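J.: Here's a structure for you.
The values are calculated or read from the model by the stated rules, or taken from the named source; none is laboratory data. None of these values were measured; they are calculated from a predicted model. Note that we place each Cβ from the backbone using ideal geometry, even for glycine, and neighbour counts take in every protein chain shown. Heads up: the accessible areas ignore ligands, DNA and RNA and are worked out on the full protein's heavy atoms, side chains in. Shrake-Rupley method; radii C 1.70, N 1.55, O 1.52, S 1.80 Å.
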Amino acid sequence: PVAETFRVIQGAMSEEYVRSTQGVFQFDLSGDEGGTWYIDLKTKGGSAGVGKPPVAADVVMSMSSADFVKMFT
């Protein structure tokens with residue numbers, strides 16, 4: 001569920017979202033598919049995926065992977 005959520009987020013990226021948001025979010029997830037994931041809405045084109053963001057995060061959230069999926073559903 002976490003990887004699929006990030007695939008959907010990556011597919012929804014647009015220059016407009018990046019231009020209007022200008023933020024980098026890091027998610028430190030526990031449980032199934034736990035680990036570090038990110039959404040970069042600051043770097044040209046934006047990106048999302050597993051690992052640390054390509055630039056320093058503006059916001060770091062720690063939660064269970066189940067709560068992450070609920071938050072984005």
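J.: Which of the residues spanning the stretch 30-53 are under 9 Å from the mean Cα position of the chain (by Cα) and of a type in the set (D, E, K, R)?
T.: Passing the criteria: only Asp40.
J.: For Arg7, all conditions in the list (1) more than 12 Å from the chain's Cα centre (by Cα); (2) closer than 20 Å to Asp67 by Cβ hold save one; what is the number of the exception?
T.: (1)
J.: Continuing with this model, one more query. For the stretch 3-30, which residues satisfy the criterion of being part of a helix (DSSP H, G or I), among the hydrophobic types (A, V, I, L, M, F, W, C) and within 12 Å of Thr43 (Cβ to Cβ)?
T.: Step one: list which residues in the stretch 3-30 are part of a helix (DSSP H, G or I), which gives 3-12, 15-21.
Now narrow it down to the ones that are among the hydrophobic types (A, V, I, L, M, F, W, C): 3, 6, 8-9, 12, 18.
Residue satisfying the conditions is Val18 alone.
J.: Moving on. Of the conditions (1) at pLDDT 95 or above; (2) touching a strand residue (DSSP E or B) at 6+ places or on another chain (Cβ under 7 Å), Tyr17 satisfies every one except a single condition; which number is it?
T.: (1)
J.: If you scan the stretch 44-59, which residues turn out to be out of contact with any Ser or Thr (no Cβ under 9 Å at 6 or more places or on another chain) and β-branched (Val, Ile, Thr)?
T.: Val59
J.: What number of residues in the stretch 51-73 are of a type in the set (Phe, Trp, Tyr) and closer than 12 Å to Ser30 by Cβ?
T.: Final tally of qualifying residues: 1.
J.: Keeping to the stretch 33-54, report how many residues are in contact (Cβ under 8 Å) with a residue 24 or more places away in the chain, open to solvent by 60 Å² or more (accessible area, probe 1.4 Å) and either in a loop (DSSP other than H, G, I, E, B) or not β-branched (Val, Ile, Thr) (or both).
T.: 4
J.: Please determine whether any residue of the stretch 15-25 is touching a helix residue (DSSP H, G or I) at 6+ places or on another chain (Cβ under 6 Å), surrounded by 11 or more Cβ atoms within 10 Å (Cβ to Cβ) and of a type outside the set (A, V, I, L, M).
T.: The answer is no, given that none of the residues of the stretch 15-25 is touching a helix residue (DSSP H, G or I) at 6+ places or on another chain (Cβ under 6 Å), surrounded by 11 or more Cβ atoms within 10 Å (Cβ to Cβ) and of a type outside the set (A, V, I, L, M).
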